[in-house]
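The values are calculated or read from the model by the stated rules, or taken from the named source; none is laboratory data. Remember, predicted model here, so these are calculated numbers, not experimental data. Here Cβ is always computed from backbone atoms with ideal geometry, including for glycine, and neighbour counts include all displayed protein chains. All accessible areas refer to the heavy atoms of the entire protein, side chains included, with ligands and DNA or RNA removed. Shrake-Rupley method; radii C 1.70, N 1.55, O 1.52, S 1.80 Å.
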Amino acid sequence: MADPVLLIHGAWQGSWTWTRLVPRLEARGLHAIALDLPGNGYDDVAAADVSLDLYLDHIAQILDGIDGKVSLVGHSGGGMVATAAAERFAERVSRIVYIAGMMLPSGMGFKQLQDSVDGIAGITPHLVWSEDRLTNWATAEKALEIFYHDCPPEIAADAVRRLRPQPYGGFALVAHPTPERYGRLPRLYVEATEDRSVGIVEQRRMQTLVPGAVVASMATGHVPQLSAPEQLADILCPFLLNEDFA
């Protein structure tokens, strides 16, 4: 039987971002578990309490209810969470997938990556910050333009309505993977060539900085799980089912 799949959303999102992908994975024999990370607007966790460690403690609770290993799938900033989880729980993880995700070397954050390449600005210059600087969010207009520009209109509109302020402690993430733990796990990187949030220049730079991942390419924007879920499932399932990959 295939390992259960933990789906880890990125900033401002929640488990809802996987609603079009989950049934397609399950139709092919995969048990998919879409997480809601603490403090993402669907619980009562205070923004000041959100951190990468809190995210990992939440994942640990989920793993306590699962026998055997799991596969991790991280979208966008959820890729950093997947990296950190793979490092901490290496014995419980069989493989990792990044979907236009943060696949960065130890100690590097996304801003540092952006500063090092001639890529795109993405959503960062357009973020609105709370007065206490504990949360940020994107306006509906910019979310549609940068995140969901290639989604069906009704899907894009629904996604924008569901976005929530992102606590800073879950926004500026840095992981510390090691070759001995994280580095031994097979990885798949699904790049989105039309991404306006994490540009293809940044995505390919990450592939260079953390070599060894199998790479698949989609001509989509930032959220292929909503814009092209069937095509994404076609790419993910052989890897998650361990059919064509080592």
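Would the stretch 101-229 count as rounded, prolate or oblate if I go by the C-alpha gyration tensor, calling it rounded below 1.5 in a/c and otherwise prolate when a/b exceeds b/c, oblate otherwise? Before the final figure, lay out each step's value.
Details: a/c = 1.92, a/b = 1.29, b/c = 1.49.
It is oblate, given that a/c is not under 1.5 and a/b is not larger than b/c.
Run the dipole for the stretch 126-240 about the Cα centre, Lys and Arg Cβ at +1, Asp and Glu Cβ at -1, nothing else charged, and hand back the magnitude in debye, nearest 20. Could you put the intermediate results ahead of the total?
Numbers: 11 positive and 14 negative charges, 96 e Å.
Rounded to the nearest 20 debye, it is 460 debye.
Among residues other than residue 40 whose Cβ falls under 13 Å from its Cβ, what is the net charge (Lys/Arg +1, Asp/Glu -1)? Write out the running numbers ahead of the final one.
Values: positive: 162, 164; negative: 36, 43, 44, 49.
Every neighbour counted, the sum reads -2.
Give me Rg over Rh for the chain, both radii from the alpha carbons and Rh done the Kirkwood way, two decimal places.
Working: Rg = 16.5 Å, Rh = 17.8 Å.
Rg/Rh for the chain comes to 0.93.
Give the residue from 50, 40, 14 lying farthest towards the positive end of the charge dipole for the stretch 1-137; charges sit on Cβ (+1 for Lys and Arg, -1 for Asp and Glu) and the dipole is referred to the Cα centre.
14
Set the Förster distance to 30 Å, then compute FRET efficiency between residue 231 and residue 61 from the Cβ-Cβ distance, nearest 0.05.
Details: r = 33 Å, r/R0 = 1.09.
It comes to 0.40.
Where the only charges are on Cβ atoms (+1 Lys, Arg; -1 Asp, Glu), what is the dipole of the chain about its Cα centre, to the nearest 20 debye? Working shown, then result.
Details: 19 positive and 30 negative charges, 71 e Å.
Result for the chain is approximately 340 debye, rounded to the nearest 20.
Rounded, prolate or oblate, given the Cα gyration tensor of the stretch 181-246, with a/c below 1.5 counting as rounded? List each step's numbers first, then the result.
Numbers: a/c = 2.59, a/b = 1.14, b/c = 2.26.
Taking the square roots of the gyration eigenvalues as a ≥ b ≥ c, the stretch 181-246 is oblate.
Suppose we keep just the DSSP beta bridges with both residues in the stretch 54-213; what percent of those would be antiparallel, to 5? Display every interim value, and only then the final one.
On the way: 4 of 14 bridges.
Close to 30 percent.
Could you give the spread of the C-alpha atoms of the stretch 1-80 along their three principal axes, from largest to smallest, in whole angstroms?
40, 26, 21
Within 10 Å, count the other beta carbons around each residue, average over each peptide in 36-48, 13-25, 80-92, and list them highest first. Kindly include the intermediate steps, with their values, before the conclusion.
Details: 36-48: 16.8, 13-25: 20.2, 80-92: 22.2.
Sorting 36-48, 13-25, 80-92 by mean packing, highest first, produces 80-92, 13-25, 36-48.
Can you list the residues, at least 5 places off or on another chain, whose amide H is less than 5 Å from the amide H of residue 71, using H built in the peptide plane?
Answer set, sorted by chain and number: 5, 6, 94.
What value, in deg cm²/dmol to 500, does the helix sum -39500 (n - 2.57) over DSSP H runs of n ≥ 4 give at 222 nm once divided by the residues of the chain? The partial results should precede the final answer.
Details: 9 runs with 79 residues, N = 246.
Here the helix-only value at 222 nm equals -9000 deg cm²/dmol.
Residues in the stretch 199-224 near a label at residue 124, defined as backbone nitrogen under 13 Å from the 7 Å Cα→Cβ point?
Once the point is set 7 Å along Cα→Cβ of residue 124, 199, 202-203 turn out to lie under 13 Å by backbone N, inside the stretch 199-224.
Using +1 on the beta carbon of Lys and Arg, -1 on that of Asp and Glu, and nothing else charged, what's the dipole of the stretch 70-143 about the Cα centre, debye to 20?
Its charge dipole is roughly 240 debye.
Dividing the alpha-carbon Rg of the stretch 1-147 by 2.2 N^0.38 Å yields what? Show your work: numbers first, answer last.
Values: Rg = 15.9 Å, N = 147, 2.2 N^0.38 = 14.7 Å.
Against the empirical 2.2 N^0.38 Å value, I get 1.09 for the stretch 1-147.
What accessible area per residue, rounded to a whole number of Å², is obtained for the chain using a probe radius of 1.4 Å? Each step should come with its number before you reach the end.
On the way: 10340 Å² over 246 residues.
Roughly 42 Å² per residue, with all protein chains present.
Would you kindly derive the ³J(HN,Hα) couplings of the stretch 18-28 from the backbone phi angles with the Karplus curve 6.51 cos²θ - 1.76 cosθ + 1.60 (θ = phi - 60°), listing them in order in whole Hz, with x for Gly and Pro?
Working through the residues one at a time gives 9, 4, 7, 8, 3, x, 6, 5, 5, 5, 9 Hz.
Within the stretch 135-167, what residues put their amide N at less than 16 Å from the label point 7 Å along the Cα-to-Cβ vector of residue 219?
150-151
If you roll a 1.4 Å probe over the chain with all protein chains in place, what percent of the accessible area is carbon or sulfur? If you can, show how the numbers build up before the last one.
Numbers: 5370 of 10340 Å².
C and S atoms contribute 52 percent here.
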